[in-house]
Every structure is written in structure tokens, then in C-alpha cells.
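What follows is calculated from the coordinates using simple rules that are stated; it is not laboratory data. Because the structure is a prediction, the values reported are computed rather than measured. Reconstructed Cβ throughout: ideal geometry from the backbone, glycine too, with neighbour counts over all protein chains shown.
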Amino acid sequence: MKDVLKVWPLLLNKKEIKDVKETYCFNFTDSKEESCALEINNGICQFIDGKPKEFTIKVTTETKEWIAYLSKQKEFDEGKIIIEGDDKKLEKFQRYFSGQPEGHQTTNDSYALTENEKEILEGRWTRPKKVLILNGSPRKDKGATAIIYSQFKQGLDESNCEVDVVHVADLENKTCKGCFTCWGKTKTCVHKDDTNELILKFHTYDLLILATPVYADGLPGALKNVFDRTITILDPEFLNKDDHCRHPTRYPRMPHLVLLSTIGFTEMDNFHPMVEHVQKICKNMHLTYVGEVLHPTAWMLSIPSIRPLYKNTLEAIKQAGIEIIQNGKIPKEIQKQIETPIFTRGQILAIYNSAVEF
Ligand SMILES: Cc1cc2nc3c(=O)[nH]c(=O)nc-3n(C[C@H](O)[C@H](O)[C@H](O)COP(=O)(O)O)c2cc1C
């Protein structure tokens, strides 16, 4: 335990120890008895190996009791933790060594809270102009996801947005090596490929449309790899944000994000793991998740005789694009229209098993 307490000076909360002058002496009564002390004075804390000359409070206990108390696994037990001096000072110990609970401090060239995040927090919306549609379907512009994003894009085009479409399947997209070179001095990824170039351009867009099928209850592998690689635009330091440890980003502004997704099955819960995952990615990447267009049994759209039945759904998807640009959200009734299957599960099974050819 003595060695563990050597790192305690790092946990000093500078705000809490202004004008504090205390020496906490510890006497650990394990098989081998050990003493040490933490001396707080003049805004700094020093570890003293052995008994200090003087102390303001002395704690005599076994290591396991002290760890259980510190980590709040156990209430303070007078019989097991013996205090000499003012025991109120023990309560203050946790405050003095609470680290940086308020967080949000960042270095000069990184951002804890980006402009897009501030906008959403304050209920403001700036009409996006530059939009990137990132399509994760390996079927590129031939699949069901393409039908959905093309409809949505019509809404963006009508709103005079400048729209780029990137198919992940077209990228030279190397996998992250986990080397952390991008967090070192060069701040650049070791891979000089299309994915690196794309990620470095993310911040130049106002809105990112993530269009993707659900694969194995989540993101298709190549698209997941793109998000693995985004670590390169974060800074390594930890900050406390939304009561979570997060990294600051290297850009003052990141795009808002809308998820467009398709599944083969009928039930909306098939989207849940993907939605939760994408929302978490957004929080970590400072992308602001502003809406979703989720369409089940999307293969139906590819059956020519059935597609006309989806006229209202396709119109609703285009309208969702218009609404996002104008108001930064998709009205509930539009979302419901997009998500509600036209057929019952029994009918869907019958159509699929007799009509779909591979
Ligand atoms: C490898 C693979 C995994 C899939 N996993 C799921 C799944 O977990 N749940 C689901 O509902 N559909 C799943 N599907 C179906 C696709 O999500 C669905 O067909 C989607 O609309 C395909 O989009 P695309 O035509 O744009 O590629 C999977 C398809 C493939 C090829």
C-alpha cells in the first residue's frame, strides 16, 4: 500500500487544497508493518517514505481495510481504522485527492466542446450547406441502402445543399494497427490511404449522413474500420464530459450526424444495437446525432411489383431530408411512416420465401 500512496500526490485537487496545511500519516499493520505520509503544504503534496516528524492525523489500519474505505466498498469502521487526531480530516482526504472531477480543461489546440455541440445544447440550428453521405453498403449504389439515401438526397438537393457521396467499398481502407502513432508527436496516422484522407476532411462538412445496412446486428466491417480510424482526429488526453471520460477533438467544429439504415428483418429492435453504437461513437467523436431514418424489410423496395406500395414511405424519406436541413430534426409522424411495414410478419415471410432470389 505504501507504494500505491506514492501516486496520491498526482490526485491532488488544486482547488480544494488552497491554504491547506496537513500531514496525513499512515501506519499499515499488515504482516510487514509500514509507515508513510502525505504532506500537503503551499498547494503541493509530498510523499514521505517512513514516519514523518509531525502529523496532523494518523491512520492505523490494514491495507485491505483502507482500500475498502477509499473505494467506498465499506463504511468507515472505527474498530478497523484507528484515527489519531481530528477524524473530520479523514473525510476531507477524499476531497483533497479527488483529481479533476470538473474536467473540461483542454490544451490550446483541442476542443472539449465543439461548436456543433454548443448549438445543440443551446437549442440553436444552423442550416447545413455541405453534406457528406458515407455509404457503408458493399453493394454501393445498387442496394436497398442506396434507395433510401437517394430519396433522402433528393430532400437535400431540394434544400440546395452541396452533397458528396462516398462509398466505403471504394476506399483503400486499411485496418487500425492500434500503434497510437497518431497520438504521438507527428499527430498523423501511419496509413496514408483514402480512409485517412476522408477522416481528415470530416470537419469540413456541416452534416454527415451515415447510410448503412445492419450487418450481424451492427456496422458492416469496413465501415466499422473507418470509425476505428477516427481516433486520429482526437487528442489523447482524458476529459470529464457528460459524466464520462472522453477525448477532446482537434477541430473546433464537427458535423452533425443523421443515421440512415436498413435491415432485412421486420422488427425495429434489430436496429437497437447499431443505433446505440452509432450514438456512442457520436458522443466520443463530437459528432452531434440529430436524427435517424430506419427502414426494416428493405429488400421489399427492390421487388418491382411491390415498390409502388412504398410511394408514401419514399416520399416521407425525402421529406425527412428537407426537415433535417430546415429544422435539425425529423418529425415523429414522418419517422413512423418510414418505419412501419406495409405487410404483417406472416405476409413478409410468405413474400420473402417465395419471391426473393439470390
Ligand atoms: C453479412 C450480412 C449480415 C446481415 N445481418 C443482418 C442482421 O443482423 N439483421 C438484419 O435485420 N439484417 C441483416 N442483414 C440484411 C441487410 O441488413 C439488409 O439486406 C440490408 O437492407 C442490405 O442493404 P444493402 O442492399 O444496401 O446492402 C445482413 C446482410 C448481410 C449481407
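A compact table of results
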quantity: Cut-off 12 Å between beta-carbons: net charge of the residues surrounding Ile263, Lys and Arg +1, Asp and Glu -1; calculated: -4
quantity: Globularity index of region 198-327, i.e. its alpha-carbon radius of gyration over 2.2 N^0.38 Å; calculated: 1.18
quantity: Label-point separation, Glu54 to Thr186 (7 Å along Cα→Cβ), nm; calculated: 5.6 nm
quantity: Computed E for Ile83/Thr106 - FRET, C-beta separation, R0 51 angstrom, nearest 0.05; calculated: 0.85
quantity: Cα-based radius of gyration of region 2-96 once divided by 2.2 N^0.38 Å, which approximates compact folds; calculated: 1.01
quantity: Segment Lys6-Glu315, length gained on full extension (0.36 nm per residue, minus Cα span); calculated: 104.8 nm
quantity: Computed FRET value (nearest 0.05) for Glu162 with Ile120, which takes r as the C-beta separation and R₀ as 25 Å; calculated: 0.70
quantity: Net charge contributed by nearby residues that have their C-beta within less than 10 Å of Thr63 (K/R +1, D/E -1); calculated: -2
quantity: Region 100-168: mean projected area of Cα convex hull, nm²; calculated: 7.5 nm²
quantity: Stretchable slack from Glu276 to Lys21, in nm (0.36 nm times residue separation minus alpha-carbon distance); calculated: 87.0 nm
quantity: Unsatisfied cross-links (Cα-Cα over 21 Å) in the set Lys15/Lys58; Lys2/Lys80; Lys129/Lys311; Lys32/Lys89; Lys201/Lys224; Lys224/Lys283; calculated: Lys15/Lys58; Lys129/Lys311; Lys32/Lys89
quantity: For the chain, average projected area of the Cα convex hull in nm²; calculated: 24.9 nm²
quantity: Cα coordinate range in region 299-358, projected on the principal axes (Å, largest first); calculated: 42, 20, 18
